[in-house]
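Throughout, read-outs are computed from the coordinates displayed, never taken from laboratory work. Computed from a prediction, not measured in an experiment: that's the story for all the values here. All Cβ positions, glycine included, derive from the backbone under ideal geometry; neighbour counts span all protein chains shown.
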Amino acid sequence: MTKNLVILCGGDSSRMGTKKALLPFQDKTMLEYIYDKFSPYFDRIYLSVNERGEFSHLGLNVKEIPDIYRNAGPIGAILSSLTMISGDRAFFMSVDTPFMDPAIAAYLYDRSYNYDITTFKFEPDNYDTICAVFNKRCIGQIARSLFFKSATRQNLIYKCYTLELPLEDIENNSPISKEQQFYKINDRQSYYFAIFSLLKHNFIC
């Protein structure tokens, strides 16, 4: 079975003021940091981007997929990516969650075969977290939700055949807490905190 990873790198990064994927992170960019961590776990890695060629200068072994639906947020990016990937499914994550454990992505993937969506049962303050395996069987439902302007994570989970695993599974399969795994770098303050945490080894990377 070919395992696919899609890293969502689009969006306007208005709060950050620059592309999050290219922010310095350790001795590389944030995108390179995620790529180096996840590439041993996946056969193919795709980047969901605003424009093709945005990250080609990094020389990563990836395929860029430009967004078909502009201004449609991450759900639009997921739809664009599902139509272009090889195989029937992929694990999706956002480039602004660099502390996610690839072992957890593999854990979801191993349980995703019979489902349209395989994810965790997030608490309300993490509903917008992109951490799920989406199957191509979702394409029709995602397209309909975008057309009818009802494209939310919760709506897709309700409409699709979904497996929501308990968050406790993370503690049983990873040394990294769920709070650390789903920490989002949204603005300068959260970015500086992440850099400080790296230096202090508060996050396991």
**Report entry** Members of Lys28/Lys121; Lys28/Lys149; Lys37/Lys121 lying beyond 27 Å, as alpha-carbon distances in this model show
**Finding:** Lys28/Lys121; Lys28/Lys149
**Report entry** Size of electric dipole in the chain: Cβ of Lys, Arg +1 and of Asp, Glu -1, about Cα centre, debye, nearest 20
**Finding:** 500
Query raised in the report: Considering the dipole of the chain built from charges on the beta carbon (Lys and Arg +1, Asp and Glu -1) around the Cα centre, which of Leu146, His57, Tyr127 is farthest to its positive end?
Result: Leu146
Query raised in the report: Modelled label-to-label distance, Lys63 and Arg137, 7 Å Cα→beta-carbon offset: nm?
Result: 2.3
Report task. Sticking with the crude label model, points 7 Å out along Cα→Cβ, report the distance from Thr83 to Arg70 in nm, one decimal please. Result -> 1.5
Query - Net +/- balance of residues flanking Phe134 in space, Cβ distance below 12 Å, scoring K and R +1, D and E -1 - result: +2
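Hey, got the dipole for the range 1-115? About the Cα centre, +1 on K and R Cβ, -1 on D and E Cβ, debye to the nearest 20?
Working: 12 positive and 13 negative charges, 25 e Å.
Value, rounded to 20: 120 debye.
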Requested in this report: Straight distance only, please: which aspartates and glutamates reach the Cα of Lys159 with their own Cα at less than 12 Å, same-chain residues fewer than 8 apart left out?
Outcome: Asp116
**Report entry** the range 56-79 versus the range 145-205: alpha-carbon centroid distance in Å
**Finding:** 19
**Report entry** Over the chain: helical MRE at 222 nm, DSSP H runs n ≥ 4 each giving -39500 (n - 2.57), nearest 500
**Finding:** -9000 deg cm²/dmol
Report task. Determine, from the Cβ-Cβ distance of Thr162 and Asn126 and an R0 of 22 Å, the FRET efficiency 1/(1 + (r/R0)^6), rounded to the nearest 0.05. Result -> 0.85
Query - Furthest towards positive pole of dipole, Ser86, Tyr192, Tyr69, structure part the chain, Cβ charges - result: Tyr69
